[in-house]
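The values are calculated or read from the model by the stated rules, or taken from the named source; none is laboratory data. Quick caveat, the model's predicted, so the values are computed rather than measured. FYI the Cβ positions are ideal-geometry reconstructions off the backbone, even for glycines, and counts take in every protein chain you see. These accessible areas exclude ligands, DNA and RNA; they are computed on the full protein's heavy atoms, side chains included. Shrake-Rupley method; radii C 1.70, N 1.55, O 1.52, S 1.80 Å.
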Amino acid sequence: MQDRQLYEQILGITAPWHVDRVELKLDAGQVHVHLAHEAGAAWSCAECGATCSLYDHSPERTWRHLDTCQYQTLVQASVPRTECPEHGVRTASVPWAEPGGRFTALFERLAIDWLKAASRSAVAERLGLSWDEVDGILERAVRRGLRRREAEAIAYLGVDEKSFKKGHRYATIVTDLQRGRVLYVAPDRKQSSLDGFWETLSEAQLGAIRGVAMDMWEPYENSIRAHLPGAEEKIVYDKFHVAKHLGEAVDRVRRGENKQLRAVGDDRLVGTRYEWLRHPAHFSDQQWRAFAALRQSHLQTARAWALKEQAMELWEYRYEKPARQHFAWWYRWATHSRLKPMIEKAKMLKGRLANLLTYLKHRITNAMSESLNSKIQWIKYTARGFRNFENFQTAIYFHCGGLDLKPSPT
Ligand SMILES: [Zn+2]
């Protein structure tokens, strides 16, 4: 019959399989395509590939395939079970689906393409899938991708925390800084959150790590020191995290001074918070001139701001010796500034200087690539639909892991 051949071509069915009959169920809007195989076909063990004899057939199963002519298309077949001398009775693998799958490989490939581009709810609706089915496709895709990941060398890592959901729940995220992909996602931001990452690496991969950019966060540091040989040379505190610390100190100085000034009717600092926190490169010429009167004043806030800007000069050095001299000069200035928030931060930075200076050698920061960041933002934005942490974790791997997610084409 004509339509049997048509469906064999559409489904890509080849020997020993053929389309046995096609059943059109108009009421249900479905096409059922029944497959059968030649008698006497050769089978191979799904475990070892050895040629085996046919043992029996498992009960008929159904796989959802890509729609044909707007009909939901279901492939049905009884899968042979083989008897291998070594592995015993096993279900044979079929060319159109992965073992245990309920969708054909082509259908999963399409669903994965759509899930890359649209929200889970949109894909569920358009493809007529339940939430559990969508979750299943995502989870299988990620498992497949992680399993296929090769143990290649990764020179520079970033370790970061991301909040997700309201109520400040955290995830620990390890990224490959050079390839801009997420390598690892774990709940919380404890030492144990990061400990699991090291186990995913081979000995050679561990040895190939040259640097790790991170916030000054002790639990992560403890994990790195416990697992990474030569960690003291490799930990690089993130420049932007230092800038954030110093920005907070400047803001504390401004708030205190603003209160004092306003008490005597001076409101020069009112509404200036963001000027003090903005990076000098992010001012327009006009804004920079307008800000001049403040930054050049004798206000405490102006002094705190200048201290921050001078501290950040450390990252402009190429060599360690002048960088150390700069820091020593800055430290003396900061600790004599009589600005308590700045003195506190200066002491904190001095205690951690060795791993600030490692930047000069590795020149890495924790700033993720723009595309990675915007993807994570998008995932967080759509996170309202996540029922638990595992969903969030799967979504990060799916969208940001740089993984080979799709079942092999048939
Ligand atoms: Zn076998």
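Summed over the range 313-337, residues that are open to solvent by less than 10 Å² (accessible area, probe 1.4 Å), under 17 Å from Lys239 (Cβ atoms) and assigned to a loop (DSSP other than H, G, I, E, B) total 0. Against the test of being among the aliphatic types (A, V, I, L, M), assigned to a helix (DSSP H, G or I) and touching a strand residue (DSSP E or B) at 6+ places or on another chain (Cβ under 7 Å), the options Leu183, Leu66, Leu106, Leu146 yield a single qualifying residue, Leu106. Counting only helices (runs of 4 or more DSSP H) that sit completely within the range 222-312, those holding 3 or more residues that are in contact with a helix residue (DSSP H, G or I) (Cβ under 9 Å, 6 or more places away or on another chain) and open to solvent by 50 Å² or more (accessible area, probe 1.4 Å) correspond to 239-263, 273-277, 285-295, 300-312.
Counting only residues that are aliphatic (A, V, I, L, M) and within 16 Å of the ligand (Cβ to nearest atom), which one in the range 37-78 is nearest to Arg102 (Cα to Cα)? Checked the range 37-78; the qualifying residue nearest to Arg102 (Cα to Cα) is Ala46.
Restricted to the range 79-88, and to residues there that are near the ligand (Cβ under 10 Å from one of its atoms) and touching a residue at least 24 places away in the same chain (Cβ under 8 Å), the residue that is nearest to Leu35 (Cα to Cα) is Thr82.
Within the range 28-59, the set of residues being without any contact (Cβ under 8 Å) to a residue 24 or more places away in the chain and either under 17 Å from Ile10 (Cα atoms) or acidic (Asp, Glu) (or both) comprises just one member, Glu38.
Can you go through Glu139, Glu133 and tell me which one is open to solvent by 10 Å² or more (accessible area, probe 1.4 Å), in a helix (DSSP H, G or I), closer than 19 Å to Val185 by Cα and not hydroxyl-bearing (Ser, Thr, Tyr)? Unique residue meeting the criteria: Glu139.
Going by the conditions given, is Gln9 open to solvent by 80 Å² or more (accessible area, probe 1.4 Å), more than 23 Å from His87 (Cα to Cα) and more than 38 Å from the chain's Cα centre (by Cα)?
Answer is yes for this residue.
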